[in-house]
Amino acid sequence: MNPTLRTAAILFSAMALSASSAFAATVYTGDTIEGKKVISQLDVSDLAPGQIHKFLFKGVEMGTGQYWYVPIMVGKGVKDGKRLLLVSGVHGDELNPIGVVQKVFAELDPTKLSGAVIGVIGSSRPGVEHTTRGWLWMDLGHSLINPNRTWPGIENGNTVQRHSWLLMNQLIKGNADIGVDIHTGGNGIDFALFSFTDSKDKEALQLSKLFPIDQIYLHQGTGGSLAAALVAAGIPGFTLELGGPRSFDQDMINAGVRGVENVFSYYKMQDRPMGQTAMDRNALIGNQLVDLFAQNSGFTEVFVKLNETVTKGQKVAVQKNAFGEIVHEYFAEADGRVAIIGTDAVRERGVDVVSILTNSDKCKDGGCEYTGDE
Amino acid sequence: MNPALRMAAIVFPVLAFTASSAFAATVYTGEMIQDKRVISQLDVTDLEPGKMHRFMFRGAETSTGQYWYVPVIVAKGAKPGKRILFVAGNHGDELNPIAAVQATFATLDPTTMSGTAIALIGPNRSGVENISRTWTINVLGGEQVNPNRTWPGREDGNTVERHSWLITNKLILGNVDIGIDHHTGGTGIDFARFVFAYANDPESLRLGGLFPVDQIMEDPGLPGTLEYALVKAGIPAITTELGGSRGFVTDMVKLGVDGNANVLAHYGVVPGPVGKTAADMNAFVGNDLETVSAVAGGFVTLLVKLNDPVVEGQKIAVQRDGFGDVVHEYVSPATGVIAIVGTDAATDRGTEIATVLVKRASCNDGQCDDGGIVP
């Protein structure tokens, strides 16, 4: 190795070291918005203990060169402990998750907390503004990007990919030990109290079981989802589904809050008793989610309710044309429980009519890969 | 009058006085965004003379309770003089105006100016981000509001109405003597080099003539436009049209820059001569717009170009269906010049195919309408 190369090698190692200790400090841009300091990087270890800190995280720039700012709350405990990440609004039409994060922080006393809680409120900024699942990106007119297929993001990717990259690398990594990405069904569907949990991550399963939900779907992880990116980064995490889109449903919000309280109890972040968990609710742990997609278009009546037990061959929905003539009938393709129902009566080809959580032999080694939209 | 009423009568004039001198001060919210101070109210008399000032103006709140911030540039001259407002991006898909106003301000030297230039870059925040004419509000699943029908705004109106009200009352009134609202044609149409000026305001007509355009419409005033709201508030104003939508077109940007420079020179804000004007371009001055709208769906072939003179009855466009069969032929409804052409070949019923600027004796004094579609 010649001297130049050797110097380069030394420099490179030094740079690599700096990169790995990137969370040396919270970076304040000097901007303040709505009385909150703007940060471009978070290091929870910087923050004063026993307090709730509120920031606006500088995300990606928009088409005009202005920026999207994501509200962030950090409850920093007075003792060391687990650092829990709670994310809401990766899909902008899913509002119960925002209600959960806001309520958790409203009730949080950081002087009685060990560890930290990091809340992300509405990460898909344009999605939340327009109550839409997709993030409107201006390439070739318009396209709607599903943010929950862009994680862990790409540094020099498109707007949404870069936004995910910034959140993952400047906010989440190095600051979170465990994470919950909170969702609901999207526009036109309703979801049971449900989790998507990566079967490869035992702690993610444990975390899921702490929530008072009715169904746990163990699967192979969905590429591009925040939950998969957390697990890949060594942060046990899962996707929680709390009902339907658009509004605040207090029962669903409370289920999320009770689950977070159970996480506090289990990890000794707070001195509190364990409340009702998934196991107390006799939750079904399944390994396959069978989606019944519309085979035709028309007005659809669904005969089953969420979490109802169904048997294979049972008629679950009927679809009619404008004259009231039946164009298709839908039958359960497996024994299991209803996880998702379509709520928009007008159902186009390819949209979800009913999804059933089940256990199948072919998926028994860690669950089948999930390829649906949720 | 009982004592309480008398007291109220004394208090009321005091309150009214306070309201009329509302621009007592620039209000800094204490926020900083991209190193710019955020203001919720502007008073240019507060600002240091001979300097360029940059702010983020806090507009209406978004549906999440965050806010839209509009970039504002104030070039305050070393000496007093006329205060001129340049607005770009009232419609979000009209981009030449933004380049023109940015280029104008890049050349300004406030130390040699007498008076003030104020720039509003993209007040329709939602529209500029989405490159759309309208501002999408979150009512009943989404509704698109044309911001240039909301001026002077309403204090407790919907998001767009309130945004316009804030800009009118907290930024424009008390700070502006002359106003220019720069536009282009919207998505799917192309506009000639054109100015709308209110027919009954000689100062606005003079202002319009300072732009080296090919066509001027002496308009009757269209309620809800920024131009008309300014004129009604005693501020001479015009609407310019600088070509087509979406892109930066060098010639059209230059038209805006040249006109802006003429305005600044004419009012003595910037030293120097006035350059080429509408009169030098031998501009056609009309007082009526006749719009030809599609009466069927289909692919449209235009037979005329912008600025072409046309006579009443002249065939100007042919529309065909998918098989290439003619479904309709369009003729000019009047004699005049082509001000607007449709550029999207696939044409829905009711959309614009072409618009003709017409001069009618019967329309003197702004008695005719504006075709109902523009600006």
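The values are calculated or read from the model by the stated rules, or taken from the named source; none is laboratory data. Since we're looking at a predicted model, the values are computed, not measured. Counting neighbours? That spans all protein chains shown, and the Cβs are built from the backbone with ideal geometry, glycine included.
Data overview
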| quantity | calculated |
| --- | --- |
| Residue match in segment B:169-177 (condition: farther than 28 Å from B:Leu302 by Cβ, under 14 Å from the mean Cα position of the chain (by Cα), within 14 Å of chain A (Cβ to nearest Cβ) and hydrophobic (A, V, I, L, M, F, W, C)) | no |
| Count of segment B:41-61 residues which are surrounded by fewer than 19 Cβ atoms within 10 Å (Cβ to Cβ) and within 14 Å of chain A (Cβ to nearest Cβ) | 2 |
| So B:Ala99, is it in contact with a Phe, Trp or Tyr (Cβ under 7 Å, 6 or more places away or on another chain), surrounded by fewer than 23 Cβ atoms within 10 Å (Cβ to Cβ) and either in a helix (DSSP H, G or I) or within 12 Å of chain A (Cβ to nearest Cβ) (or both) | yes |
| Residues satisfying the stated conditions in segment B:92-120, i.e. closer than 30 Å to A:Glu129 by Cα and touching a Ser or Thr at 6+ places or on another chain (Cβ under 8 Å) | B:Gly92, B:Asp93, B:Glu94, B:Leu95, B:Asn96, B:Pro97, B:Ala119 |
| Among residues of segment A:294-309, those that are out of contact with any strand residue (DSSP E or B) (no Cβ under 6 Å at 6 or more places or on another chain) and under 23 Å from A:Tyr370 (Cα atoms), counted | 1 |
| Flag for A:Gly115 being more than 14 Å from chain B (Cβ to nearest Cβ) and either in contact with a strand residue (DSSP E or B) (Cβ under 7 Å, 6 or more places away or on another chain) or free of Cβ contacts under 8 Å to residues at least 60 places away in the same chain (or both) | yes |
| Output for segment A:305-329, where each listed residue is charged (D, E, K, R) and within 27 Å of A:Ala192 (Cα to Cα) | A:Lys305, A:Glu308, A:Lys312, A:Lys315, A:Lys320, A:Glu329 |
| Scan of segment B:268-284 for residues that are in contact with a helix residue (DSSP H, G or I) (Cβ under 9 Å, 6 or more places away or on another chain) and touching a residue at least 24 places away in the same chain (Cβ under 8 Å), ordered by number | B:Val269, B:Val270, B:Pro271, B:Val274, B:Gly275, B:Lys276, B:Thr277, B:Ala278, B:Ala279, B:Ala283 |
| Residue count, segment A:266-282 (criterion: outside any helix (DSSP H, G or I) and within 13 Å of A:Gln206 (Cα to Cα)) | 4 |
| Those residues of segment B:226-262 which are farther than 21 Å from B:Ile172 by Cα, buried (at least 24 other Cβ atoms within 10 Å of the Cβ) and among the acidic types (Asp, Glu), in sequence order | B:Glu241 |
| 3 or more residues of a type in the set (Val, Ile, Thr) and within 15 Å of the chain's Cα centre (by Cα): qualifying strands (runs of 3 or more DSSP E) within segment A:171-265 | A:178-183 |
| A:Val100 in a helix (DSSP H, G or I) and more than 13 Å from chain B (Cβ to nearest Cβ) | yes |
| Residue match in segment A:9-26 (condition: away from chain B (no Cβ under 12 Å), in a strand (DSSP E or B) and at pLDDT 95 or above) | no |
| Scope segment B:63-90; condition within 12 Å of another protein chain (Cβ to nearest Cβ) and crowded, with 19+ Cβ neighbours inside 10 Å; matching residues | B:Gln66, B:Tyr67, B:Trp68, B:Tyr69, B:Val70, B:Pro71, B:Ala88, B:Gly89 |
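Residue-wise test of (1) among the acidic types (Asp, Glu); (2) closer than 29 Å to B:Val292 by Cβ; (3) not in a helix (DSSP H, G or I).
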residue: B:Ser164; (1), (2), (3): no, no, no
residue: B:Thr168; (1), (2), (3): no, no, no
residue: B:Asp181; (1), (2), (3): yes, yes, yes
residue: B:Glu203; (1), (2), (3): yes, no, no
residue: B:Pro212; (1), (2), (3): no, yes, yes
residue: B:Glu218; (1), (2), (3): yes, yes, yes
residue: B:Thr239; (1), (2), (3): no, yes, yes
